[in-house]
Structures are given as structure tokens and as C-alpha cells.
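*Asks:* Got a structure here, written out as C-alpha cells. Questions coming.
The values are calculated or read from the model by the stated rules, or taken from the named source; none is laboratory data. Small disclaimer: the values here were computed from a predicted structure and weren't measured. Backbone-built Cβ (ideal geometry, glycine too); neighbour counts: all protein chains shown.
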Amino acid sequence: MDEQLPYLDTFIKVADCNSFTAAAGTLGLTQAAVSQRIQALETRLNTSLFDRSKGRISITRSGQTLYEYAQEILELHSRAV
């Protein structure tokens, strides 16, 4: 489980920033690393989390569902630690 937490944190940052590049800056990662984490989540969940059309990103319905769960998971993990 712990190995997935950075992926969920990355997902939350991308959603909050509406940008892979801005999220990378806040996380201290490269844009490529952020993209790789999001792709890994999308592959694992077999769904698109972001709509990447028109040069902008927006969260999909599946992404919104994950966003709510990810926030809860990260909050519970933080409280447990």
C-alpha cells in the first residue's frame, strides 16, 4: 500500500494544479516522472483520469471519484503515522 501513496499524492497535485508541469514543480519531480506516475495509475485502474484534449487537462468523472478516495486515503495514512 505505501508504495502507491506517492502516486496518489502526485494525482492529487496534478488535479489541484490542473497541470502536470506545475505539479512536478511542487513535488520536486520532472514533468516526465509525473506523467509516468499518472500513466501507471491509469493503467492499473484501466481508466483515464484526465482529459488531455485541447492543450489543457481536466479531471474525468473517474478521476473525480479517485480524487475523493485519494484524499481520504492520504488523510487516514497521515493520521495513522
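*Asks:* Specify which of the listed residues (Thr43, Thr60, Thr47) is closer than 20 Å to Ile73 by Cα, in contact with a Phe, Trp or Tyr (Cβ under 9 Å, 6 or more places away or on another chain) and among the polar types (S, T, N, Q).
*Replies:* After applying the criteria, what remains is Thr60.
*Asks:* Ok, one more. Could you tell me which residue of the range 71-81 is surrounded by the most Cβ atoms within 10 Å (Cβ to Cβ), considering only residues that are free of Cβ contacts under 8 Å to residues at least 60 places away in the same chain and in a helix (DSSP H, G or I)?
*Replies:* Going through the qualifying residues, I end up with Gln71.
*Asks:* Considering only residues that are within 17 Å of Asn18 (Cα to Cα) and assigned to a helix (DSSP H, G or I), look in the range 42-60 and name the one that is modelled with the highest pLDDT.
*Replies:* At the first step, the residues of the range 42-60 found to be within 17 Å of Asn18 (Cα to Cα) are 42, 48-60.
Restricting the remaining residues to those that are assigned to a helix (DSSP H, G or I) gives 42, 53-55.
Values: Glu42: 97, Ser53: 87, Lys54: 79, Gly55: 79.
Among them, the one singled out is Glu42.
*Asks:* Filtering the range 24-33 down to residues that are crowded, with 17+ Cβ neighbours inside 10 Å and either of a type outside the set (A, V, I, L, M, F, W, C) or farther than 18 Å from Ile73 by Cβ (or both), which residue is farthest from the chain's Cα centre (by Cα)?
*Replies:* Here the residue is Leu29.
*Asks:* Could you list, in sequence order, all residues of the range 34-70 that are surrounded by fewer than 15 Cβ atoms within 10 Å (Cβ to Cβ) and either among the hydroxyl-bearing types (Ser, Thr, Tyr) or closer than 16 Å to Glu3 by Cα (or both)?
*Replies:* So the first thing to find is which residues in the range 34-70 are surrounded by fewer than 15 Cβ atoms within 10 Å (Cβ to Cβ), and the list is 36, 39-40, 43-48, 51-56, 58, 61, 64-65, 68-69.
Gln36, Gln39, Ala40, Thr43, Arg44, Leu45, Thr47, Ser48, Ser53, Ser58, Thr65, Tyr69, listed by residue number.
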